[in-house]
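Comments concern the structure below.
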Amino acid sequence: MLTSWPILSLLVWLPIAAGLAVMLFGERRANSARWFALIVSVAVFVISLGLIVGFNTQTAAMQFVEHVPWIPAFGINYALGIDGISMPLIVLTTFTTILVVVAAWEVIKDKAHQYLAAFLIMEGMMNGTFAAMDAIVFYFFFEGMLIPMFIIIGIWGGPRRVYATIKFFLYTFLGSVFMLVALIYMYFQSGSFAIPVLHDLPLTLTEQILIFLAFLIAFAVKIPMWPVHTWLPDAHVEAPTGGSVILAAIMLKIGGYGFLRFSLPMTPDAAAELDWLMILLSLVAIVYIGFVAMVQSDMKKLVAYSSISHMGFVTLGMFVIFMIVSNPANTSASGVTLALEGAMVQMISHGLISAAMFLSIGVLYDRLHSREISAYGGVVNTMPWFGALVVVFAMANVGLPGTSGFVGEFMVILASFKASFWIALIAALTLIIGAAYTLWMVKRVIFGEVKNEGVKTLDDLNFREAWVLGVLAFLIVLIGVWPNPLVEVMHASIENLAQQALTTKL
Amino acid sequence: MEKVYLAVVLAPLIASIIAGLFGRQIGRSGAHWVTIIGVAIALAASAYAFYMHVFGGLPTFDGAVYTWIASDMFTFEIGFLIDHLTVMMMVVVTAVSLMVHIYTIGYMHDDPGYQRFFSYISLFTFSMLMLVMSNNLLQLFFGWEAVGLVSYLLIGFWYKRESAIFANLKAFLVNRVGDFGFLLGIAAILMYADTLDYATFFERLPELADIKVEYWPGVEWSLVTVISILLFIGAMGKSAQVPLHVWLPDSMEGPTPISALIHAATMVTAGIFMVARFSPLFELSDAALSFILVIGAITALSMGLLGIVQNDIKRVIAYSTLSQLGYMTVALGVSAYSPALFHLMTHAFFKALLFLAAGSVIIAMHHEQDIRKMGGLAKKMPITFITFLIGALALIGFPGTAGFYSKESIIYAVEASTLPGATFAYWAVFAGVFVTAFYTFRMFFLVFFGEPRMSQKEYDHVKETPKVVTVPLMLLAVPSLIIGFLVIEPMLYGGYFDDSLRVLATHGAMASLEAKFHGAWAMFTHGWVTSVVWMALAGVALAAIMYLAMPKVLPQLFARVFAWPKRVMEEGYGFDGFNNAVIAGGSRLLGRGLWQVGDVRAIDGLVVNGSAAVVGYLARTWRLIQTGYLYHYAFVMILGLIGLLTWIVFVGA
């Protein structure tokens, strides 16, 4: 019965419509706007739980499918559907939006109704991106979500917000233009923009490589991968807390999702051909960016760099699969699903951990209006509960077993050993580097004597903040202790994807 | 029985959560009651499991609790492997932990973080139990890292102290270096055995024994050697072997002596336990065993030497712990796993005794820890004096004490070994006996004998510590004296570990040890005429001459004659200096370089802002063309037309 409802359309359009409605509240009724936004975001989350309930884990086929002709002249359909890859990401999106709405409660005083509207509209767009079964629908939402984010950073951002927004916009926009070109080319070959049709479209190696590179530019910027990552630290530093949370928790994942939905199944031979490049860039992200994170003096920048480094595991897990199957020493030919599922788990887990980290920094920023590490010290003396939660999040960021941060890294490192000893070795360096930059920051911010008058006056978490961070901590530990339910959802789809990626189109 | 095993791990975990989250609600006594009950349940259940497995004839249990992840062809599970090795570790861990819990009531009495401390030590107990009870590498790694986390929290317990929060970061990072190797070892096992289950892995070992890998062109390694060494790197971190030992002396920053005890008597044994657990693997690689042997020997001797130049009573004991861990590691290297575990157990008792006795001294001295400022305490605190003496005798291997049996067994096993490096190791551990005796009794004499080196007023105030401190000392003194005598025969030669450990026939150290063994009593009487015991007595004698007979002359003379080696030793051979300057400093320098040169200048400066600048420049130049004069545009149009016509006429046609 559930499947007969247009759940996906609701998840896309309800927040967008609600977002437009929130704007009508106006500045003076900001409080009603907040409650309205909260109710909507909770409702959307509850609806997205319907996806979990009605989801059939046995099949790789698209579920909750909706199909309406949109621009028949070009074969464009409004087609939505989800599988085990997109479903967890949609739930992550609807969940994170609640957190953002709650976290903004007393913090955003200026034009709160517009701020909330931007986030609700963005939620719908992100859900649309994950649910899109038509390349043009995907592109529409993929580009569309830039606008609310652009506005969020540009209006509620820090002092250098103009530089940051333009950098963010140009970078991501430039990337996606190439993707559009590739999609149009494939349309001329196949006569369709339907993603399943494009999956089966035969292409020569040259065509595949060009298309792969076009996708790469689009998705690499989004993730972001080295060397097109420099927009992210700037965007994070200038963005308000909520913006940073959505950016890190969801938007970066869209790049990873793009690789899974487009690059791997549509251009498998090119991916196999260029896997060395992708692995190299991933390892650079893990190690190089880790070292860069170590020397940051701005907490948000540090966490931004740490995000890039962690996303290196996502791309590593996705592209190491070709070396896993071609490694003659890997006699059992296993490890491909492990790598891909590891990448997926890493995305979900990073969504939770980075959200938690940015929210924690937001808690401090709201009190002392500084993101500089040197402005703090001994915070645990005045904020013991906050200190304890930050240690939990830091340990998750470090990838301690028992937290979700461990699961994905563990799976990807184990799988990469099946490809090559050296890849696993370099990837495993994160154990040391990640611990160094994260815990060094914790040492300087959380522990020690009360450093100054500002820290002395800090109040511990209020109920709202404690609730938000507490829920995140609970989920992080839950996934760390029992990740199987999450992985189970993906099995069928990931195995199907592995099949597609490893079958040549030539 | 499964419920019993579950109770062992869950009781401390639940207690820890209650004390940690609801500490304020349940109050101080609530926190210590709930955790003590939790650990007592764990101890009772462990003792029951011990009884059932050892005397009740219960077979080895190997089963899963739940599936952590099923992905690919792999099923990663959380599960238990309960055999004789496990039940011994369970009892040691819970027994030491229970004592720590009780002692804490007195020691931490006035600390504002009382509930938090109980939560930590219960969590530690849980983690350590998960580690030893695991039946697979995933859970082992979980426990492994979880004890690392608790150690991080405990060392940094007094988070206001700069030295404490430096030490805990350092401990975590150094352990992570070991874990890095360990994780690669786990990955290697999954790669070739397609499982992380101990039992399945051991079954598949014969197929792996002949595999050669080439990770560096032209250099071929045996696979089992690679895996063994990678796993052992993990053990080097956790069990503080050179060069990853640097964190242990600093870990004394935690609330002493409790956290010191947790580290010294429990956590550091994880590495030793792991190697013993993987004896079927390590046995297949002589190269790895030699490596272990040499690392252990270096640790045993070099860390003992450092004990001589320490003046902080805790640090002397900390270095002695490092040195004793070296002995255990050496034993592992010569395939004498059971003596290594035997020493692990006896060491847990006498080192706990020494730490708690030192704690008693520290309490009496009003938190003075410098042994140069003590002296003459024997008369003032007789119980501490006697129990400390028992601990010290056990540590140096005085005939009859627990340490005598375990250490003597190790030294003879090394002597009998024929592995490369065994001769070096033998001389190192042999010389180590002298060193151990010397630094132990240097400390002992400085603390308890001689003139009091403090003001008369302070000396008058020193008095024996209360019963909550001295009773645990007396309780621990008993096993430190007799446990070796009691258990050496069943444990080493009675087949206790037959199901858990595997030793190849070609590694004959244990066999020759067994041939020489004629009962614990014979070993005791024979002990008086062995060179090892005489080495120990010589060390005691030298300490007596220097610090009892001529305390005013000889120490200064020695310090002057050996000024240069003394400095090197005081610097800890320069490990810390090197790590701080080269590794930590180098990483920061590298990070700053990559950031400033790579990100800021090259990518942002050149490419991003550079292309923006180019666009701006082009826009500025090309704007000049758009003059707005009609005749300019008309002129360009005519030029274009001419160009087009020329092309059509000459090329197009």
Protection proxy ranking of B:92-101, B:619-628 - average other beta-carbon atoms within 10 Å, highest first | B:92-101, B:619-628
Cα-Cα pairs above 17 Å in the stretch B:599-653: how many percent?
-> 63
Per residue of B:589-596, what is the mean number of Cβ atoms on other protein chains within 10 angstrom of that residue's Cβ?
-> 6
Any chance you could check the Cα centroid distance between the stretch B:203-222 and the stretch B:355-379 for me, in angstrom?
-> 54
List, in the order given, every pair from B:Lys160/B:Lys566; B:Lys379/B:Lys467; B:Lys212/B:Lys516; B:Lys160/B:Lys463; B:Lys407/B:Lys516; B:Lys212/B:Lys407 whose Cα-Cα distance in the structure shown is over 27 Å.
-> B:Lys160/B:Lys566; B:Lys212/B:Lys516; B:Lys160/B:Lys463; B:Lys212/B:Lys407
Just counting partner chain Cβ atoms within 10 Å, what average do the residues of peptide A:324-337 show around their Cβ?
-> 3
Final fewest-first order of A:Met311, A:Met87 on the 10 Å Cβ neighbour count is A:Met87, A:Met311
Under 19 Å from B:Lys3, Cα to Cα: aspartates and glutamates that are on another chain or at least 8 residues apart | B:Asp62, B:Glu77, B:Asp83
Once the Cα gyration tensor of the stretch B:131-192 is found, what semi-axes does its equivalent ellipsoid get, as square roots of 5 times the eigenvalues, in whole Å, sorted largest first?
-> 28, 13, 5
Could you give the size of the charge dipole of the stretch B:443-530 about its Cα centre, using +1 on the Cβ of each K and R and -1 on the Cβ of each D and E, expressed in debye and rounded to the nearest 20?
-> 160
If only Cα atoms are counted, what is the Rg of the stretch B:250-406, and what is its Dmax, in Å?
-> 16.4, 55
In percent, what relative contact order does the stretch B:351-498 have, based on Cα pairs under 8 Å that are 6 or more apart in sequence?
-> 42
In whole Hz, with x marking every Gly and Pro, tabulate ³J(HN,Hα) for the stretch A:290-304 from phi via Karplus 6.51 cos²θ - 1.76 cosθ + 1.60, θ = phi - 60°.
-> x, 5, 5, 4, 4, 9, 6, 9, 9, 4, 5, 5, 4, 5, 4
Using only the alpha-carbon atoms of the stretch A:1-132, report the extent along each of the three principal axes, biggest first, to the nearest angstrom.
-> 47, 36, 23
Given a Förster distance of 45 Å, the FRET efficiency implied by the Cβ-Cβ spacing of A:Phe173 and A:Gln58, rounded to the nearest 0.05, works out to 0.65
For chain A, what is the convex hull volume of the alpha-carbon atoms per residue, in Å³?
-> 129
Proxy reagent accessibility, fewest Cβ within 10 Å first, across A:Ile479, A:Ile16, A:Ile52 = A:Ile52, A:Ile16, A:Ile479
The stretch A:283-392, relative contact order [Cα under 8 Å, separation at least 6], % | 26
With the contact rule set at Cα under 8 Å and sequence spacing of 6 or more, what percent relative contact order holds for the stretch B:302-412?
-> 29
Taking only the alpha-carbon atoms of the stretch A:299-421, what semi-axes of the equivalent ellipsoid follow from 5 times the gyration tensor eigenvalues under a square root, in whole Å, largest first?
-> 36, 13, 10
What are the principal axis extents of the Cα atoms in the protein assembly as shown, in Å, biggest first?
-> 115, 65, 64
Shape box of the stretch B:1-85 [Cα atoms, principal axes, largest first, Å] | 46, 41, 18
Computed Rg/Rh of the stretch B:517-559, alpha carbon atoms with Kirkwood Rh | 1.27
With N set to the residue count of the stretch B:341-412, report its C-alpha Rg divided by 2.2 N^0.38 Å to two decimal places.
-> 1.23
Highest-first arrangement of B:506-512, B:404-410, where packing means the average Cβ count within 10 Å = B:404-410, B:506-512
With runs of 4+ DSSP H residues as the only contributors, calculate the mean residue ellipticity of chain B at 222 nm using -39,500 (n - 2.57) per run, divided by the residue total and rounded to the nearest 500.
-> -22500 deg cm²/dmol
List every residue whose amide H lies under 5 Å from the amide H of A:Lys451, counting only residues 5 or more places away in sequence or on a different chain, with H placed 1.01 Å from N in the peptide plane.
-> A:Gly377
Taking the alpha-carbon centre of each part, the distance from the stretch A:194-270 to the stretch A:426-446 in Å is 27
Calculated diffusion of chain B, Stokes-Einstein form, Kirkwood radius summed over Cα pairs, 20 °C and 1.002 mPa s, µm²/s | 79
How many angstrom lie between the C-alpha centres of the stretch B:428-491 and the stretch A:136-157?
-> 70
Residue pairs, from the table B:Lys170/B:Lys351; A:Lys222/A:Lys300; B:Lys238/B:Lys373, whose Cα atoms sit over 29 Å apart = B:Lys238/B:Lys373
Sequence-distant aspartates and glutamates (8 or more away, or on other chains) whose Cα lies within less than 15 Å of A:Lys109 | A:Glu27, A:Asp366
Net charge contributed by nearby residues that have their C-beta within less than 12 Å of A:His310 (K/R +1, D/E -1) | 0
Where does each of B:522-532, A:148-158, B:272-282 land if you order them by average Cβ count within 10 Å, highest first?
-> B:272-282, A:148-158, B:522-532
Isotropic mean projected area of the C-alpha convex hull, the stretch B:206-252 (nm²) | 4.2
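Every read-out reported here was derived from the displayed coordinates using simple, explicitly stated rules and does not represent laboratory data. What you see is a predicted model, and the numbers here were worked out from it, not measured in a lab. Note: ideal-geometry Cβ built from the backbone for every residue, glycine included; neighbour counts use all protein chains shown.
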